[in-house]
Amino acid sequence: MTKHLSICKKKYLLSSPEMVVPEEYFHIVVEGRYNPEYWLHLLVKSEATLNELDQFLRDIWLECCGHLSQFVIQGVRYVSEMDEDLFDFFGNDRDMNISLADVLGPGTRFHHEYDFGTTTELALRVLSIDRLDGEIKTAIKNDDEEGLDYEDIQILARNEPPLLNCEKCGAAATLVCINCFYDGGGCLCQKCAGEHECGEEMLLPVVNSPRVGMCAYTGR
């Protein structure tokens, strides 16, 4: 996928940057830190902030209960907006109101955490920094099926939903039990879910996200 996207981007590389206003983009790969079968390839304008990237990740993969989140970049924590009484807890950590261009470079690896109780961790890396024709945004939006309207962040590609099988009958699972999922089980089809001993209140839908089966996350 990385090679394919690199070839596609070449159509929009600025061979004569003096003829147009250049737009600088970060090509960022995002993966579940412990479940890399969930991944995104993103094109993010260099002037976008960490706060915008955080909100995008919440919208497409994470948001369930308004939990706190943070990026960790070269040992520095950039924390989402918080109440005054939590500043002492986070010490000298910084907020996310800072542009990607100020904290990232070619090859930078960093990670993101959402929810400091039932934490979903993401691994991110900068594949390249490209000066692209602004028309690439129009081309991407024409193929966008996610419906996320972000001016500075575009989805280049994402994983197909991993196939999870029902632990009882082997059919495609549509639900997960949050009690059993951490032990590697708990995937159930609709029929077998009615017989599961943990009860209906413990079931969440199968979603295409590394936050599947966590907290109260039910997808977008």
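Nothing in this text is a laboratory measurement; each read-out follows from the coordinates by a stated rule. These figures come from a predicted structure and were not determined experimentally. All Cβ positions, glycine included, derive from the backbone under ideal geometry; neighbour counts span all protein chains shown.
The figures follow:
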item: Exposure proxy order (Cβ contacts within 10 Å, fewest to most) of 196, 112; result: 196, 112
item: For residue 98, distant residues with modelled amide H under 5 Å away; result: 50, 51
item: Inter-site label distance for residue 179 and residue 24 at 7 Å from Cα along Cβ, in nm; result: 5.3 nm
item: Within-11-Å neighbourhood charge of residue 95 [Cβ basis; K, R +1; D, E -1]; result: -1
item: Residue order, fewest to most surrounding Cβ atoms within 10 angstrom, among 110, 26; result: 110, 26
item: Relative frequency of Cα-Cα separations exceeding 15 Å in segment 162-220, percent; result: 38 percent
item: In nm, spacing of pseudo-spin labels at residue 119 and residue 157 (7 Å Cα→C-beta vector); result: 3.0 nm
item: Inter-label distance, nm, simple model (7 Å from Cα along the C-beta direction), residue 148/residue 34; result: 2.3 nm
item: Long-range amide H partners of residue 173 with built H, under 5 Å; result: 164, 165, 166
item: FRET efficiency estimate (nearest 0.05) - Cβ-Cβ, residue 191 to residue 81, R0 45 angstrom; result: 0.55
item: Whole-Hz couplings from phi, Karplus 6.51/-1.76/1.60, listed for segment 108-115; x for Gly and Pro; result: 4, 10, 8, 9, 10, 10, 10, 6
